[in-house]
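K.L.:
The structure that follows is given in the form of structure tokens.
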Amino acid sequence: MKKLWLLLPLACFLVLAVFLYRGLYSNPRELNSVLVGKAVPDFQKVDLFDDNKHYDQKLLATGQPVLLNVWATWCPTCYAEHQFLNTLARQGVRIVGVNYKDERNAAVDWLSRLGNPYEEVLFDPKGQLGLDLGVYGAPETFLIDGQGVIRYRHVGDVNDRVWNQTLKPIYNGLKP
Amino acid sequence: MRTLLYILLLPVAFYCVAATAAVDAYTFTDPAKETQFKELIKELRCPKCQNQDIADSDAELAKDLREKVYEMTEQGKSRKEIISYMKARYGDFIHYQPPLRLDTIVLWLAPILVLIAGLIFIFVRASREQASPLNEEEARRLSELLNEKEQH
């Protein structure tokens, strides 16, 4: 019985070690989105180019999967991923943009200079839609299925590697 | 000398003004709401900078979150409602108080376990010392030593 007591510190150490070891290899920047598996929150947004065009969440539930890409002109990583988004758009991937906490003129100018990969661009100057989506920085990309349910969230730029390894398989799986 | 002191203190004064600016920009209709606001922005963690609460952080996102907490507080929303609104978007991460779950149980139990382990340690040591009186040989040696000391 007395011998068993001696094992107590070892047991405590092992429990703590497992706990900390797990923490060591988890990336704190990759917060799990609580929205995965849930429908896109309700929203009312105007078009970036046209104040008279209004959109709501039905835009993202048309029966076809879609990428919802949150971007801004102040975000260097968005610049880095932009050409790849153009490539995807040319391949027929549907991308809807959310222009996040940005200035309209700067955003329009950016798209005319760098090309426009987006089917539509929602204008979100105050970031309310971003907040409802749990966005904490740009760029972030949500994979949304044909019913408007969020299936995956990617933080950081979309590039060749991320697309082929992670996003594309999910995207293809969502196609009807 | 006095001028030098003023010059040295100037940055401190600016710093204080800058640090409180974020909070002072809001006006409240009710002191209870102000208290709730100030408590909540200390309790909610900035998802962007991660190791700061949203009261402390200068990140754009932290400003938005403060604004949201202010709006909801003024609308008469309770503490609980605001925290669950934030958790629905940013997950448990956003609240500095983690929920009690299997993967967070170490966080909750560690302080109690350490305390108990400490108490057991002290108790065991104390009882061990008590339980070992001097044997004959030791008692003889002790009195010898004491006698020796007296003679000197």
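K.L.:
Where in region B:1-112 are there helices (runs of 4 or more DSSP H), lying wholly inside it, with at least 3 residues that are modelled with pLDDT of 90 or more? Step through it out loud before you land on a result.
P.N.:
Working: elements: B:2-24, B:31-43, B:60-74, B:79-90.
By residue number, B:31-43, B:60-74, B:79-90.
K.L.:
Please enumerate the residues belonging to region B:73-91 that are more than 8 Å from chain A (Cβ to nearest Cβ) and surrounded by fewer than 20 Cβ atoms within 10 Å (Cβ to Cβ). Before the answer, list the steps.
P.N.:
First, pick out the residues of region B:73-91 that are more than 8 Å from chain A (Cβ to nearest Cβ): B:73-86.
Within region B:73-91, B:Glu74, B:Gln75, B:Gly76, B:Lys77, B:Ser78, B:Arg79, B:Lys80, B:Glu81, B:Ile83, B:Ser84, B:Tyr85 qualify.
K.L.:
Of the numbered conditions (1) among the hydroxyl-bearing types (Ser, Thr, Tyr); (2) modelled with pLDDT under 85; (3) part of a helix (DSSP H, G or I), B:Ser143 satisfies every one except a single condition; which is it?
P.N.:
Result: B:Ser143 fails condition (2) only.
K.L.:
Which number in (1) of a type in the set (Val, Ile, Thr); (2) open to solvent by 80 Å² or more (accessible area, probe 1.4 Å); (3) under 20 Å from A:Val36 (Cβ atoms) marks the one condition that B:Ile94 misses?
P.N.:
(2)
K.L.:
Pairs please, first residue from region A:73-98 and within 16 Å of A:Ile144 (Cβ to Cβ) and without any contact (Cβ under 8 Å) to a residue 12 or more places away in the chain, second anywhere and open to solvent by 20 Å² or more (accessible area, probe 1.4 Å) and of a type in the set (S, T, N, Q), Cβ atoms under 6 Å, 6+ apart in sequence or on different chains.
P.N.:
none
K.L.:
A:Tyr136 passes all but one of (1) modelled with pLDDT under 90; (2) hydroxyl-bearing (Ser, Thr, Tyr); (3) more than 20 Å from B:Leu65 (Cβ to Cβ); which number fails?
P.N.:
Failing condition for A:Tyr136: (3).
The values are calculated or read from the model by the stated rules, or taken from the named source; none is laboratory data. Model, not experiment: these values are computed from the prediction. Counting neighbours? That spans all protein chains shown, and the Cβs are built from the backbone with ideal geometry, glycine included. Note: areas computed on protein heavy atoms with side chains; ligands, DNA, RNA excluded. Shrake-Rupley method; radii C 1.70, N 1.55, O 1.52, S 1.80 Å.
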